[in-house]
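Asker: The structure's right below; bear with me while I get my questions together.
The values are calculated or read from the model by the stated rules, or taken from the named source; none is laboratory data. As the structure is a prediction and not an experimental result, all values here were calculated from the model. When we count neighbours, we look across all protein chains shown, and the Cβ atoms used for this are built from the backbone with ideal geometry, even at glycine.
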Amino acid sequence: MADRKTVCIIGAGPSGLAAAKNLLWDRRARSKFRVTIVESQPRIGGLWPSSRGDNGGLVHPLMLANQSRHTVQLSGLAWEDDAPSFPRAWQIGAYLERYFQRYCRGPQEIGDLVVKLSQRVVRAKPIDNGTSGWHVWTQATDTEGGGRDVVDAGVFDYLVVASGYFGSPNIPDGLKTTTTTTTTTTANSGGVPVVHSSAYRDLDTLFAGHPPKKDQKGKIVVAGGQFSGVEIAATIASHLSSAGHAPGAAIDTIPAASVHHIIQQPFWVFPLHTSPAPAANAPPFLPFDLPSYNIRKRPQPLADTQGHITAETARFVHGLFETALGTDQAEIHPALAIAKDSTVRDAPPMMAVSDTYLEHVRSGRITLSTGKLTAVTDAQAVVTDVSESENVDNVAAVVLATGFSAATSLAFFPDSVKQALHFDATDARQIVALAFNGTYHPAVANLAFVGFYRSPYWGVMEMQARLATALFVSDAASPSPSQDVASWVPATPQWPQLAAALADDRSIERTLSLRADPERTSQFPMGDYLYLMHTFGEALGIPRRAADPADAALQTRDVALDVVTPAHYFDGDDDQGDENTGGEPTVDSLDTVKAIEHTAATVKAGLHDTRFVARAVFRSLQGTWKLDRTLTSHLPSHPSGRFVGTAEFRLRQGTKDGMSESVKLGEEDEDECEYLYVEDGTFTALNGPSFQATRRYVWRYNARDDRMSVWFARTDESSRADYLFHALEFSPSPSRKGWKATAGHLCIDDFYDVHYEFGVSGVNLTNWTLEYGVRGPKKDYTIFGTYRR
């Protein structure tokens, strides 16, 4: 124990846990290090909450991940078989707890690992520029028992920064709040609540202490147009929709009825499921990140597609996005239009992810303006765009989706270290310039970074953790202390390719070059997942586990997939067991195989079955449709006629009405949304009178069963479901580009034979039809309805 080197890891999120796991379990590092993790939260997981009720962090526990479970994982630990495709934040926190139990609990019990929770590193000073280690001081983050005195945590041989890029909420200077509580107000806001998007949880807490004004509904202003802006605007709009359309709706208690979203430029909005073959007659659907990480579509050898984006490349990528989505978004809103002849296509594409945002905009639940929020005064928001400004009146609340500052995540460094790292607090995309894809800097010894870049991939975090381990192991084995990082890795049989890879690396120069040309820098400068994983894999000698190119289950006539996930770069040495397992595969290698099988099974089900089609169709139903329906009766007692009107799918929180008491829903099922279907219009009988007609149903989607269903509404309370009408069974459409579905329902003596046809363009329904025939002792008629936007 006395001869072991010491490592301080700042942060116990996925980056910090991956770093600890590799330092403690990599065969080349085993028994060489004693590790201390310092985490500011009272639990492990970093940003990721530990339960549905954990509201103490920067992430809403019910937030859906914008990457699927296949990407949001670390090799060596597979998700449970029944885990959702897109886990919620609290489920990711639970995954990290399982990871900690597997890889950290044992070392913690024998003293190889110390975890200090509710502690923040406030100072980290290099000794002899890091060559003699790092002196670290910490401070308690809680307010109970022990005060907040700065504590000398000691000197460590090595330091790993895994504190994350989301250091603290970024509040524009003109909108600084007067308090730091969850709901705050600006100095001149007239009492309007102003919160950062990371603090928003629900409408009740947003408007706590702010009762609605009589006969007046205000707007919730959301400022910020990238990922968090789109996500929070859609979330709030969904909450408002649910408040207005749920059984026993409580919209009268809410001071607002709509969202006003302030954006700076148009952006592409992707749903969580897209098609790897959007031009196919019956386009299959998959979690949207899987087609993105299909290495078969990439030219070889791999080149970095992110960073500096030429106008020609920008136009090409814009075209790919339009093809994938099936729209340039002009029909949604002019502020979101990205037309082929627009100069917007010369700029690097911007994107966001949301299942509901675009339809909330189309319906008017979200309104848009372009510019920057510069002030909030007396319930009025001032939006400035180039040379003019506009006022948004009747503001009920403001949510700032203005991102995070990474500067506070490095506040513990002295200025000399920041200068060596090329620290620039004004560059939100690249606050430091680091070597080998953001892992270290040759001017600062014995220091490594894991996951410290904008929008980090879990697979890349793990690769950075492996590289940090290689650097530290090589340094620990050298006969004299390192003078700089470049000397850490001589040619060694343990990592034979690493020294040459580090020598050839130009990551620092690339970052500084991008800083000089921000207008042509991509949204995520380190966003090429396939390239990054490949580069790390080659340097560390970890080959990718490629799919069998002859596997017919991973391809159709339209597309072939070989999806890359963290599990596909599992370190091969660990797959052979060790002296304690008799050469048998280790539990982590078995889990890696399981994770690869999960991904392959998902791809196969999407390509060859109808997996995710119901999900994609259900998502695209949201909003209002023009409905034209004919009723043809074969009995003189029932009139034939035509109905013309609208059909509206009103989004709301899922309910349990009508379900059998024996149906047991999991926690994730409780978070599903449903639609209250409302149609209104005029029915004109053939050679007869016209009259107003309306009907209601409840439409549901169950992710566990991947099933869409339609339920009758109660006659006494039409916002509640009564009993099941039918569940849809999908298959490719023989007559159009899209999908068909069939269903049947026996209602006492009457049988309903139901047929749907869904026309699809990209990811969206363009139009669809519903036809059903009803046969029984006293019924014999056919209904055929056409739905168009």
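To keep it simple, each residue is scored yes or no on (1) modelled with pLDDT of 90 or more; (2) assigned by TED's automatic domain parsing to the domain that holds Gln67; (3) assigned to a helix (DSSP H, G or I); (4) more than 22 Å from the chain's Cα centre (by Cα).
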{"position": "Pro525", "(1), (2), (3), (4)": "yes, yes, no, no"}
{"position": "Gly537", "(1), (2), (3), (4)": "yes, yes, yes, yes"}
{"position": "Asp548", "(1), (2), (3), (4)": "yes, no, no, yes"}
{"position": "Asp558", "(1), (2), (3), (4)": "yes, no, no, yes"}
{"position": "His568", "(1), (2), (3), (4)": "yes, no, yes, no"}
{"position": "Asp574", "(1), (2), (3), (4)": "no, no, yes, yes"}
{"position": "Asn580", "(1), (2), (3), (4)": "no, no, no, yes"}
{"position": "Pro585", "(1), (2), (3), (4)": "no, no, no, yes"}
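Asker: I've got another one for you. Tell me, which residue of the range 335-362 that is among the polar types (S, T, N, Q) and under 15 Å from the mean Cα position of the chain (by Cα) is nearest to Thr521 (Cα to Cα)?
Answerer: Step by step, filter the range 335-362, then rank; the result is Ser354.
Asker: Taking the residues in the range 323-332 that are β-branched (Val, Ile, Thr) and touching a residue at least 40 places away in the same chain (Cβ under 8 Å) as candidates, determine which candidate is surrounded by the fewest Cβ atoms within 10 Å (Cβ to Cβ).
Answerer: Thr323
Asker: Counting residues that are over 30 Å from Ser342 (Cβ atoms) and not basic (Lys, Arg), which helices (runs of 4 or more DSSP H) fully inside the range 203-307 reach at least 3?
Answerer: 203-206, 227-245
Asker: While we're looking at this one, here's another question. For the range 664-683, state whether one or more residues are surrounded by fewer than 16 Cβ atoms within 10 Å (Cβ to Cβ) and over 30 Å from Thr602 (Cβ atoms).
Answerer: yes
Asker: Which one of these does Ala243 not meet: (1) in contact with a Gly (Cβ under 9 Å, 6 or more places away or on another chain); (2) over 23 Å from Ala601 (Cβ atoms); (3) of a type in the set (A, V, I, L, M, F, W, C); (4) buried (at least 21 other Cβ atoms within 10 Å of the Cβ)?
Answerer: All conditions are met except number (1).
Asker: Identify all residues within the range 333-349 that are surrounded by 19 or more Cβ atoms within 10 Å (Cβ to Cβ) and of a type outside the set (D, E, K, R); write none if there are none.
Answerer: Within the range 333-349, Leu336, Ile338, Pro348, Pro349 qualify.
Asker: Taking the options Ile127, Ile171, name whichever one is under 21 Å from Phe33 (Cα atoms) and in contact (Cβ under 8 Å) with a residue 24 or more places away in the chain.
Answerer: Selected residue: Ile127, the only one of Ile127, Ile171 that is under 21 Å from Phe33 (Cα atoms) and in contact (Cβ under 8 Å) with a residue 24 or more places away in the chain.
Asker: Which condition does Pro84 not pass, out of (1) touching a residue at least 60 places away in the same chain (Cβ under 8 Å); (2) over 22 Å from Val603 (Cα atoms); (3) surrounded by fewer than 21 Cβ atoms within 10 Å (Cβ to Cβ), if it passes all the others?
Answerer: Evaluating Pro84 over (1) touching a residue at least 60 places away in the same chain (Cβ under 8 Å); (2) over 22 Å from Val603 (Cα atoms); (3) surrounded by fewer than 21 Cβ atoms within 10 Å (Cβ to Cβ) leaves (2) as the failure.
Asker: If you check Leu530, Leu514, which single one turns out to be in contact with a His (Cβ under 7 Å, 6 or more places away or on another chain), assigned to a helix (DSSP H, G or I) and at pLDDT 90 or above? Steps first, please.
Answerer: Numbers: Leu530 fails: in contact with a His (Cβ under 7 Å, 6 or more places away or on another chain).
Just a single option satisfies the conditions, and that option is Leu514.
Asker: Among the strands (runs of 3 or more DSSP E) confined wholly to the range 333-442, which include 1 or more residues that are of a type in the set (Ser, Thr, Tyr) and either out of contact with any Lys or Arg (no Cβ under 7 Å at 6 or more places or on another chain) or modelled with pLDDT under 95 (or both)?
Answerer: Those strands (runs of 3 or more DSSP E) span 366-370, 372-377, 380-385, 388-392.
Asker: For Val160, indicate whether it is under 17 Å from Ile37 (Cβ atoms), in contact with a helix residue (DSSP H, G or I) (Cβ under 7 Å, 6 or more places away or on another chain), in the same structural domain as Thr426 (by TED's automatic domain parsing) and not polar (S, T, N, Q).
Answerer: Against the criterion (under 17 Å from Ile37 (Cβ atoms), in contact with a helix residue (DSSP H, G or I) (Cβ under 7 Å, 6 or more places away or on another chain), in the same structural domain as Thr426 (by TED's automatic domain parsing) and not polar (S, T, N, Q)), Val160 qualifies.
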